[in-house]
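The values are calculated or read from the model by the stated rules, or taken from the named source; none is laboratory data. Everything numeric here is computed off the predicted structure, so don't read it as measured data. Ideal geometry is used to build each Cβ from the backbone, glycine not excepted, and the neighbour counts take in all protein chains shown.
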Amino acid sequence: MKSNYRILSVLLLLALLAGCAPGPQLPPDDHIVVLWHTFAGVEREALETISDQFNRANPWGIQLIIEYQEDIYTKVRAVAPEHRPDLVVIWSEDLHRYEAAGLLPATDALPRDVSLETADLLPMATALYSSTGALRGIPLGLATYLLYYNSDWLGGLGYDAANTDWNGLRRVACTSTDPLVGQVGLGIPPQPGVLLAILAAGEAPLVNEAGDYTFANPAGVAATTALHELLGSACGAIYPTPAASLLGLQNAHQSMLLESSLQRQTIQTALQEGRSFTLQIAPIPGPHGPGPTLWYGPGVIQLEGSATRREAARRALSWFLTPEAQTTWSNTTHYLPARASLITERLADPDLELVEVELLTLTLRAAERGYWRAWPLRTNATTCRAAFIQALLALGRNRLPDAVLEATLHSCTTGELP
């Protein structure tokens with residue numbers, strides 16, 4: 001059931017949109033904060049819950065209103081500052097567009113009294129939403145790509161997740177492959193983030209300081225060549241859909257799966273319906289052992305807009321840093337909290353499943369060692385995403401890795417598919 005605060009807020013918003021003055025029982029305009037998002041499903045549910053929590057708990061009488069909108073960036077640019085939403089949910093790769101268009105406030109995004117909370121952010125979370133040395137938004141949560149594997153099967157083959165490099169991955173994938181009985185070592189879903197994660201694990205610089213793509217470099221070619229050789233040996237397969245790639249692991253016809261950490265609950269649920277075995281996770285191997293992990297996640301930014309609501313918007317934005325908001329988002333959506341203390345706190349739960357313990361430990365270790373990469377800019381463009389999927393499929397068809405990377409780089413740079 002929605003809270004009375006939400007009903008009140010929606011009524012006020014409808015009145016404002018209709019050009020009517022709010023009644024005396026409604027909060028004044030400078031205590032209304034509007035947030036636009038593009039989410040459906042559990043993400044929308046999480047935002048609504050966080051909004052309810054804020055509206056009940058904040059001491060300033062601020063009302064946070066959550067609205068679904070399509071094509072937010074275009075709409076924001078088309079209206080005058082006083083008619084913009086106060087906050088918007090974006091992906092980190094879009095931050096530069098808002099900044100370049102002058103849509104972000106010139107001052108710090110957050111009040112000074114939340115400095116301890118911002119210091120608690122994991123470094124990969126800070127990197128995703130920082131620009132010119134300043135934190136420009138609040139990450140809602142984090143996700144990365146992982147290697148899920150059947151440890152009962154691979155343990156007997158001597159798989160050592162803590163030290164395995166490309167050669168070790170190919171060896172164990174080929175050893176667990178048997179075409180006669182339909183077994184394959186590594187399953188790969190057709191997702192653009194998969195190839196980006198492989199490039200990051202291969203220690204390939206993805207972009208330079210100017211934000212230009214650089215993944216078609218020697219390190220990128222080496223990482224792509226390692227994948228090409230594994231696929232060419234029929235020790236791995238790129239499936240037509242993510243569900244198809246999961247099915248092989250579920251039925252114990254596939255020893256490993258490369259997937260997002262967001263899918264861990266789906267994978268564990270599927271395994272309960274299939275063959276019983278111990279599921280574990282590991283970073284994607286690189287040239288010398290486990291490679292750097294690639295991190296991504298949505299965040300909330302404040303726009304340069306209504307001067308009367310500027311301080312209220314800053315207060316509402318800071319709420320997304322609180323343990324309440326971070327925990328609600330994580331529990332509902334399966335993103336990891338962006339704050340280190342919340343990761344440590346969750347690790348203290350004695351009832352956590354093995355995969356969850358491994359993921360939380362991996363997160364802290366990556367942060368402590370600085371062995372991670374942030375999702376690069378502009379890769380959410382439709383053409384670029386399509387190019388990464390085409391590149392995966394081309395590698396499966398035995399196309400040369402350097403040519404595949406060059407074609408992908410061209411598409412992401414020019415916006416033209418080959």
Q.
Being under 30 Å from A316 (Cβ atoms) and outside any loop (DSSP other than H, G, I, E, B): is that true of R171 here?
A. no
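Name every residue in region 219-270 that is small (G, A, S), closer than 30 Å to V207 by Cα and part of a strand (DSSP E or B), in order of residue number. Break it down stepwise before answering.
Looking only at region 219-270, we keep the residues that are small (G, A, S), and these are 219-220, 222-223, 226, 232-234, 236-237, 243-245, 248, 252, 255, 260-261, 270.
Filter once more, keeping what is closer than 30 Å to V207 by Cα: 219-220, 222-223, 226, 232, 236-237, 245, 260-261.
The answer is G236, A237, S260.
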**Q.** All positions within region 201-218 that are over 16 Å from N167 (Cα atoms) and either outside the structural domain of R373 (by TED's automatic domain parsing) or part of a loop (DSSP other than H, G, I, E, B) (or both)
**A.** A204, P205, L206, N208, E209, A210, G211, D212, T214, F215, A216, N217
Q) So which residues in region 69-102 are in contact with a Pro (Cβ under 8 Å, 6 or more places away or on another chain), of a type in the set (A, V, I, L, M, F, W, C) and closer than 24 Å to L294 by Cβ? A) V89, I90, W91
Q: Of the conditions (1) surrounded by fewer than 20 Cβ atoms within 10 Å (Cβ to Cβ); (2) more than 24 Å from L142 (Cα to Cα); (3) of a type in the set (A, V, I, L, M), L186 clears all except one; give me its number.
A: (1)
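Could you tell me which residue of region 232-267 is modelled with the lowest pLDDT, considering only residues that are hydrophobic (A, V, I, L, M, F, W, C) and more than 22 Å from T293 (Cβ to Cβ)? Walk me through it before giving the result.
Applying the first criterion (hydrophobic (A, V, I, L, M, F, W, C)) to region 232-267 yields 234-235, 237-238, 243-244, 246-247, 249, 252, 256-258, 262, 267.
Adding the requirement that they be more than 22 Å from T293 (Cβ to Cβ) leaves 234-235, 237, 243-244, 247, 252.
Details: A234: 92, C235: 94, A237: 93, A243: 89, A244: 89, L247: 88, A252: 85.
Filtering region 232-267 for residues that are hydrophobic (A, V, I, L, M, F, W, C) and more than 22 Å from T293 (Cβ to Cβ), the one modelled with the lowest pLDDT comes out as A252.
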Q) For R369, which of the numbered conditions (1) among the basic types (K, R); (2) in contact with a Leu (Cβ under 8 Å, 6 or more places away or on another chain); (3) free of Cβ contacts under 8 Å to residues at least 40 places away in the same chain fails to hold? A) (2)
Q: Considering each of A407, A366 in turn, give the residue that is in the same structural domain as G286 (by TED's automatic domain parsing), in a helix (DSSP H, G or I) and closer than 22 Å to I138 by Cβ.
A: A366
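Go through region 238-261 and give me each residue that's in contact (Cβ under 8 Å) with a residue 60 or more places away in the chain and crowded, with 18+ Cβ neighbours inside 10 Å.
As a first pass, look at region 238-261 and keep what is in contact (Cβ under 8 Å) with a residue 60 or more places away in the chain: 238, 248-249, 252-261.
Passing the criteria: I238, G248, L249, Q254, S255, M256, L257, L258, E259, S260, S261.
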Q.
Quick check on my filter: what residues within region 240-268 are more than 22 Å from the chain's Cα centre (by Cα) and among the hydroxyl-bearing types (S, T, Y)?
A. S255
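Confirm whether A106 is of a type in the set (A, V, I, L, M, F, W, C), assigned by TED's automatic domain parsing to the domain that holds Q326, surrounded by fewer than 18 Cβ atoms within 10 Å (Cβ to Cβ) and without any contact (Cβ under 8 Å) to a residue 60 or more places away in the chain. First the steps, then the outcome.
On the way: of a type in the set (A, V, I, L, M, F, W, C): yes; assigned by TED's automatic domain parsing to the domain that holds Q326: yes; surrounded by fewer than 18 Cβ atoms within 10 Å (Cβ to Cβ): yes; without any contact (Cβ under 8 Å) to a residue 60 or more places away in the chain: no.
Here the answer is no, as A106 does not meet what is asked.
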(Q) Just to be sure before I move on: is S341 in contact (Cβ under 8 Å) with a residue 60 or more places away in the chain, assigned by TED's automatic domain parsing to the domain that holds T126, out of contact with any His (no Cβ under 7 Å at 6 or more places or on another chain) and farther than 18 Å from V89 by Cβ in the structure I sent? (A) yes
Q.
Kindly evaluate F320 against the criterion of being in the same structural domain as H83 (by TED's automatic domain parsing), among the hydrophobic types (A, V, I, L, M, F, W, C) and either in contact with a Gly (Cβ under 9 Å, 6 or more places away or on another chain) or surrounded by fewer than 21 Cβ atoms within 10 Å (Cβ to Cβ) (or both).
A. yes
Q) What's the number of the condition A348 fails, among (1) touching a residue at least 12 places away in the same chain (Cβ under 8 Å); (2) exposed (fewer than 15 other Cβ atoms within 10 Å of the Cβ)? A) (1)
Q: Examine region 122-140 for a residue that is closer than 27 Å to T363 by Cβ, more than 14 Å from the chain's Cα centre (by Cα) and either assigned by TED's automatic domain parsing to the domain that holds L377 or part of a helix (DSSP H, G or I) (or both), and state whether such a residue exists.
A: yes
Q | Tally of residues being in contact with a helix residue (DSSP H, G or I) (Cβ under 6 Å, 6 or more places away or on another chain), part of a helix (DSSP H, G or I) and within 20 Å of R310 (Cα to Cα) across region 51-72 | A | 2
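Residue under question is D52, and the condition is that it be surrounded by 14 or more Cβ atoms within 10 Å (Cβ to Cβ), more than 23 Å from S341 (Cβ to Cβ) and out of contact with any strand residue (DSSP E or B) (no Cβ under 6 Å at 6 or more places or on another chain); does it hold?
Numbers: surrounded by 14 or more Cβ atoms within 10 Å (Cβ to Cβ): yes; more than 23 Å from S341 (Cβ to Cβ): yes; out of contact with any strand residue (DSSP E or B) (no Cβ under 6 Å at 6 or more places or on another chain): yes.
Taking the combined requirement at face value, the residue satisfies it.
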